[in-house]
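One structure is given below, encoded as structure tokens.
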Amino acid sequence: MIQTNLLAHGHSDLVTHVVYDFYGERLATCSADQRIKLFRRSNEGSWDLETEWKAHDAPILHLSFAHPLHGYLLASCSHDRTVRIWEEPSSSSSSSASPSAALQSATASASALANKEGRWMEKGVLSGMKGSVRDVEFGPADPGLGLRVASISTDSHLRIHLSLDPSLTDWSLAHDVHVPSLPVPGANEDGSNDDNAGGTTTAELATGGWGLSWCKEKWWGSVLACFAGTAPGVKIISLDPTPTTLLHLLPPSSSSSTASPLTTLSWAPNCGRSYHHLATGARDGSVRIWKVTPPNPDDEVGGGGRGSSWKGEVVAEFARGARIGMVDWNATGTVLTTSDDDGMIRIYKQTYAKEWKLMGKMTAEEQSDEVNGR
């Protein structure tokens with residue numbers, strides 16, 4: 001594979017996450033320097049810095065763009081135990097429904113200041129977490145459910161915040177779930193499944209992982225997958241009407257006793273398949289692709305397929321190496337990309353024989369002045 005560009009991000013500390021917008025025309029980066037930078041792709045194919053701003057009071061860990069249906073929104077999470085919602089400022093937007101002149105003036109002044117500094121407007125600060133927030137992701141676009149954002153922190157709580165207010169000034173906590181305490185299918189619901197009710201230990205903070213990923217298919221309702229702490233398993237959770245574990249994905253029995261804590265998770269876009277693909281990465285460098293089969297809709301009783309069981313199996317597992325930092329799917333859920341702490345990016349694709357194969361790998365390389373045209 002050929003490297004076509006090298007992004008000079010300009011952060012003064014470690015870059016912790018990079019994410020594209022829905023159309024792939026913008027790229028957002030965050031860093032331990034507490035800043036967010038936004039780049040736009042030019043007609044010539046280069047990535048030009050569009051704006052940047054200080055977003056948190058501690059290192060920023062993860063970013064997520066909302067679906068364009070909800071406007072141009074960005075969520076960020078940080079070690080400062082907050083999730084912040086940002087909106088692109090627009091000088092052309094008009095005020096609605098005759099508020100007072102003082103409020104109009106204050107809104108206009110704030111918008112003008114944001115544009116002058118290149119800083120997006122802060123639309124919400126979601127707090128109450130008792131640990132650093134490791135992952136954040138907007139829910140799939142669904143006007144009937146409002147704007148949802150999920151986050152998970154080192155207190156092992158999965159939180160779903162909801163806003164039905166078009167101005168995004170009013171946010172409510174829709175769900176607050178302690179993931180390890182949530183019973184798995186077939187387990188007693190008397191708390192015997194709670195393996196971490198006493199809080200997160202120092203060792204778990206050092207070696208554990210916390211992550212989440214929404215199901216992109218709206219047919220099954222509000223469903224997402226998450227993991228927390230040093231447990232090697234993934235819980236698939238239906239949120240409505242009450243949070244319930246639909247499926248607990250555990251490594252095969254041959255490796256479960258030595259399975260490493262997870263570090264990253266991604267739910268593939270469905271694109272009409274009768275099953276789903278999930279990918280997980282672990283601290284020991286292993287990558288697994290799971291095939292998750294929902295119940296037959298004809299047998300489904302109640303929301304989220306609660307009337308019959310979901311099934312999951314590992315369809316591909318790749319060798320161990322450096323710690324996996326990221327797994328992510330392409331727009332159709334047919335190509336998986338992974339990155340690790342050695343700076344190696346690998347691309348996997350399913351063959352016609354239904355086997356997942358390594359299609360290529362690459363590392364970022366510094367370009368010489370001649371290549372950059374200088």
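The values are calculated or read from the model by the stated rules, or taken from the named source; none is laboratory data. Please read these numbers as outputs of a predicted model, since none were measured by experiment. All Cβ positions, even for glycine, are placed from backbone atoms using ideal geometry, and neighbour counts span all protein chains on display. In case anyone asks, the SASA skips ligands and DNA or RNA and just uses the protein heavy atoms, side chains included. Shrake-Rupley method; radii C 1.70, N 1.55, O 1.52, S 1.80 Å.
Structure notes:
- Given Lys123/Lys361; Lys235/Lys357; Lys130/Lys361; Lys218/Lys311; Lys235/Lys361; Lys218/Lys291, the pairs whose alpha carbons are separated by over 28 Å: Lys123/Lys361; Lys130/Lys361; Lys235/Lys361
- Environment charge of Ser31, counting only residues whose C-beta is closer than 13 Å and scoring Lys/Arg +1, Asp/Glu -1: 0
- Sorting 224-235, 59-70 by average packing, meaning the other beta carbons within 10 Å per residue, from highest down gives 224-235, 59-70.
- Surface listing: Lys291, Lys37, Lys130 arranged by accessible area from highest to lowest gives Lys130, Lys291, Lys37, probe 1.4 Å.
- Rounded to the nearest 10 Å², the accessible area of Arg283 at probe 1.4 Å: 80 Å²
- Mean-position separation - Cα centroids, the stretch 124-180 and the stretch 249-294, in angstrom: 24 Å
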